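Structure, as structure tokens:
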Amino acid sequence: CAPSGWAALDAELPGHGWPSHSLIEVLQAQAGQLEWRLAATALQQQSLQRQAIVALGAPLPPHASGLAQQGIAPEQLVWVQGGSPQDQLWALEQLLRANAAGALLAWLPQALPEQIRRLQISAQQFAGLVFLFRPEPCRHQASAAPLRLLARASSPWALQLQILKRRGPVHVGWLDLPAVPHCLQAALTPRMQPEAPHSPQHMSPLPAQPHDTALGRPVAPRPALQH
């Protein structure tokens with residue numbers, strides 16, 4: 001297992017971390033919002049070990065500067081995009097069988113239960129981590145993934161997780177996990193921190209960061225604000 005970065009979550013996961021040799025299925029209402037924050041600590045460890053990280057079918061282009069700020073080397077990310085759902089399933093299965101990366105992140109919203117079962121069989125010979133991201137309504141479908149999570153955003157700057165399936169006893173309730181991006185920790189005032197009962201609509205909006213879609217290319221520094 002690999003530590004998730006949250007002691008409260010590790011305490012509820014069998015093996016006290018993200019399991020290898022199996023699928024980690026994450027369900028959410030909208031793709032492209034929570035995935036990188038949820039997996040950041042585990043991916044950082046893979047990056048430190050110089051292991052490749054493969055993103056298959058990501059709904060948005062990976063943000064190179066944002067990954068670097070999370071401690072994930074952009075040059076170690078392999079972004080696989082395009083093709084039909086069948087092509088993506090085939091590509092993921094080949095990556096699993098080849099044991100070709102330290103971590104795989106796959107967005108497969110149309111995968112059927114029998115396809116998930118086949119992927120789980122292939123994942124048993126994969127030594128890294130496999131995150132499978134799917135829409136929230138899929139929670140009502142059968143799944144062979146040993147670990148299933150329902151994730152949602154919780155303001156300000158926090159995640160909420162419900163463990164739908166795990167090896168061992170049934171988990172009840174939600175886990176509240178602080179998830180302030182590293183690049184914002186120094187910028188947030190005490191009133192903006194997750195534990196503060198401060199309504200987000202009263203916060204001063206932070207300046208938008210340029211979206212760097214070219215992996216490995218640094219973003220030009222933002223000029224200082226004039227007062």
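The values are calculated or read from the model by the stated rules, or taken from the named source; none is laboratory data. Keep in mind that this is a model prediction, so the values were computed, not measured. Here the Cβ is made from the backbone with ideal geometry for all residues, glycine too, and neighbour counts use every protein chain on show.
Could you please find all residues in the range 25-69 being within 18 Å of residue 107 (Cβ to Cβ) and assigned to a helix (DSSP H, G or I)?
Correct list: 35, 36, 37, 38, 39, 40, 42, 43, 66, 67.
Please specify each residue of the range 60-79 satisfying the condition of being within 18 Å of residue 130 (Cβ to Cβ) and surrounded by fewer than 18 Cβ atoms within 10 Å (Cβ to Cβ).
78, 79
Name the single residue that is surrounded by the fewest Cβ atoms within 10 Å (Cβ to Cβ) among those in the range 82-91 being in a helix (DSSP H, G or I) and under 21 Å from the mean Cα position of the chain (by Cα).
The qualifying residue surrounded by the fewest Cβ atoms within 10 Å (Cβ to Cβ) is 85.
Look at the range 92-117 and say how many of its residues are surrounded by fewer than 17 Cβ atoms within 10 Å (Cβ to Cβ) and either in contact with a helix residue (DSSP H, G or I) (Cβ under 6 Å, 6 or more places away or on another chain) or assigned to a helix (DSSP H, G or I) (or both).
Residues that pass the stated criteria total 8.
Tell me which residues, restricted to the range 40-66, are out of contact with any Gly (no Cβ under 9 Å at 6 or more places or on another chain) and touching a residue at least 60 places away in the same chain (Cβ under 8 Å).
61, 62, 63, 65, 66
(1) at pLDDT 50 or above; (2) exposed (fewer than 13 other Cβ atoms within 10 Å of the Cβ): which one isn't true of residue 201, the others all being true?
In the conditions (1) at pLDDT 50 or above; (2) exposed (fewer than 13 other Cβ atoms within 10 Å of the Cβ), residue 201 misses (1) alone.
Taking residue 83 as meeting all but one of (1) out of contact with any helix residue (DSSP H, G or I) (no Cβ under 8 Å at 6 or more places or on another chain); (2) more than 27 Å from residue 9 (Cβ to Cβ), write down the number of the exception.
Just one mismatch for residue 83, condition (1).
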